[in-house]
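I have placed the structure first, in the form of structure tokens, so that the comments after it can refer back to it.
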Amino acid sequence: MSSLSYVSTNNNSAWATFLSQVERVLPYLGDLALLADTLRHPKRALIVDVPLEMDNGTIRHFEGFRVQHNLSRGPGKGGVRFHPNVTLEEVMALSAWMTVKSAALNLPFGGAKGGIRVDPRELSEKELERLTRRYTNEISTIIGPQQDIPAPDVGTNAQIMAWMMDTYSMNTGTTSTGVVTGKPIYLGGSLGRVNATGRGVFVTGSRVAEQIGLTVQNCLLAIQGFGNVGSVATGLFHRAGARVVSVQDHSATLFDASGLDIPALADYQRQHGFIAGFPSAIQLKEEEFWHQEYDIFLLAALEGVITPERARSLQCRLVLEGANGPTLPGADDILHQRKITVVPDVICNAGGVTVSYFEWVQDFSSFFWSESEINDQLDRIMREALEVVWQKAETLDVTLRTAAYAVACERILTACRERGLYP
Ligand code: NAD
């Protein structure tokens, strides 16, 4: 439980999950564990009021946040979420996971995250632009290409990043492309960014499958979430010969024992925005999805979906965490006892932040790489990071998650120790 006065006592919150993940790694950190309290204390948490003039002339106020969890290894990096359930605690957890993810991949970034408690679908395009610009202005005291670099997350996109970049640039009298990543290509965005997270899930997932003796070709795969991450990763697994037997999104759970036609499903999803009604598949009840037999279970939708109860009944050999925080800590132990391997989010879905790093580097050098260069570098960095984590897991005889936290926390806390305490 957190000792911070501004944090709730909810043991199932995302922040509580992060704290429990830190607890688990302490025995493996040696003397560095003495510094671990810094991970339980976000460096900076900014709460801002975002007043918005609606199209009808009324004024509404929205809560906005930007949290910089740890900046020891570099500027803050992390997305901005526009969602009605955003809270300070959720943003804190997401920023902390970014600290760990950047360090696990050895990218020169700390962790940050932002958000506004709003349903963007209820706003007109002009309202969304005004909201984004006012929010950017409110957090502009702490963001910047060398300080903290936002990116898209749930409910935000390349257009919103363009408005953020323009607002920051207007305020500073510069053309500051490096202040955000995930921008449109014409504004200094990077090729390969859209597919990067799904690609990383495939690269790490297929490598771990091989390590545990699973052949991707003909293996049975199920996926929750068929959006940006899920559809790209599933497409790559499908192309590698996996049989994708079940897909669940917010609208339906589809099942076909002989394998769904993934390219056709992706076309259908693009046209409709959901998968319900896709022809030639059986529709399962939502909970039945968790009780079928698969080899690989890919999560690419929500936090906290693998509860201890589901972990007890899941029938698969490998879980891939494309989403952030999909497995509750209690469930993690059960999966481990049942010898189900989990590729943790901080490695599995780090393809996005890795290509964001490439975008930032390209913006600084004003020299842009080809898509094949991006993909080659992405594959290399992800494979190398996974190899280090795999070795650590073998050496310490722990799960890949604890190993990834051990590798990341060693890097973060060593950086803290070497920088020393100011003043
Ligand atoms: P997205 O909005 O494109 O897709 C989300 C998918 O989840 C959709 O198919 C949606 O139908 C499904 N979904 C929503 N509610 C559901 C429910 N109750 N049951 C089943 N499915 C449901 O989002 P995305 O960009 O693909 O992100 C998915 C996850 O991956 C999120 O947790 C996000 O934080 C994480 N992630 C994304 C990136 C990235 O680069 N996009 C990077 C790292 C992590």
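The values are calculated or read from the model by the stated rules, or taken from the named source; none is laboratory data. Keep in mind that what you see is a predicted model, and the values were worked out from it rather than measured. Heads up, the Cβs are rebuilt from the backbone with ideal geometry, glycines too, and the neighbour counts pull from every protein chain shown. Heads up: the accessible areas ignore ligands, DNA and RNA and are worked out on the full protein's heavy atoms, side chains in. Shrake-Rupley method; radii C 1.70, N 1.55, O 1.52, S 1.80 Å.
In this simple spin-label approximation, residue 361 and residue 217 carry label points 7 Å from Cα along the Cα→Cβ vector, and these lie 3.4 nm apart. Solvent-accessible area per residue in the chain equals 42 Å², computed with a 1.4 angstrom probe and all protein chains kept.
Across the chain, Cα pairs under 8 Å and at least six residues apart give a relative contact order of 16 percent. When the chymotrypsin sites (Phe, Trp or Tyr not before Pro) in segment 359-423 are filtered for DSSP coil states and for at most 11 other beta-carbon atoms within 10 Å of their beta-carbon, the remaining sites are 367. Given their separation in residues at 0.36 nm each and the Cα-Cα distance between them, residue 372 and residue 4 gain 127.9 nm when the chain is fully extended. Values of log10 I(q)/I(0) for segment 286-423 across q = 0.09, 0.10, 0.14, 0.22 Å⁻¹ run -0.36, -0.44, -0.78, -1.30, by the Debye formula with one identical scatterer at each alpha carbon and no solvent. Strictly greater than 37 Å: what percent of every Cα pair in the chain meets that? Here the long-distance tail beyond 37 Å is 20 percent of all Cα pairs in the chain. The GNM of the chain, with springs linking C-alpha atoms under 10 angstrom apart, assigns the highest mean-square fluctuation among 212, 142, 296 to 212.
Available extension along the chain between residue 250 and residue 171 is 24.5 nm, counting 0.36 nm per residue and deducting the alpha carbon span.
Note on the chain: with neighbouring protein chains present and a 1.4 Å probe, carbon and sulfur make up 50 percent of its accessible heavy-atom surface.
Summing +1 for each Lys or Arg and -1 for each Asp or Glu among the other residues whose beta-carbon sits under 15 angstrom from that of residue 176 gives -2. Using a simple spin-label model with pseudo-atoms 7 Å out from Cα toward Cβ, residue 274 and residue 56 lie 2.6 nm apart. For the chain, a Gaussian network of Cα nodes joined below 10 Å ranks 324, 171, 157 by mean-square fluctuation, and the top entry is 171.
Provide the net charge surrounding residue 291, with neighbours chosen by a C-beta distance below 12 Å and charges set as Lys +1, Arg +1, Asp -1, Glu -1. My count for the surroundings of residue 291 gives -2. Only lysine pairs 8 or more places apart, or on different chains, with alpha-carbon atoms under 15 angstrom apart are counted in the chain, and they number 6.
Dimensions of segment 165-281 based on its C-alpha atoms, expressed as ranges along the principal axes with the largest first, amount to 58, 37, 19 Å.
Applying 1/(1 + (r/R0)^6) with r as the Cβ-Cβ distance of residue 339 and residue 288 and R0 = 22 angstrom yields a FRET efficiency of 0.40.
Working note: 222 nm ellipticity from helices only, DSSP H runs with n ≥ 4, each -39,500 (n - 2.57), summed and divided by the residues of the chain, gives -14000 deg cm²/dmol to the nearest 500.
Label separation (residue 12 vs residue 418): 4.2 nm, computed from points 7 Å beyond Cα along the C-beta direction. Comparing 279, 246, 176 along the charge dipole axis of the chain, the residue lying farthest to the positive side is 176, per the Cβ-charge model. Report the net charge of residues surrounding residue 362, where surrounding means a beta-carbon distance below 14 angstrom and charges are Lys +1, Arg +1, Asp -1, Glu -1. Cβ neighbours under 14 Å give a net charge of -2. Note on segment 45-193: Cα convex hull, mean projected area over all directions, 8.5 nm².
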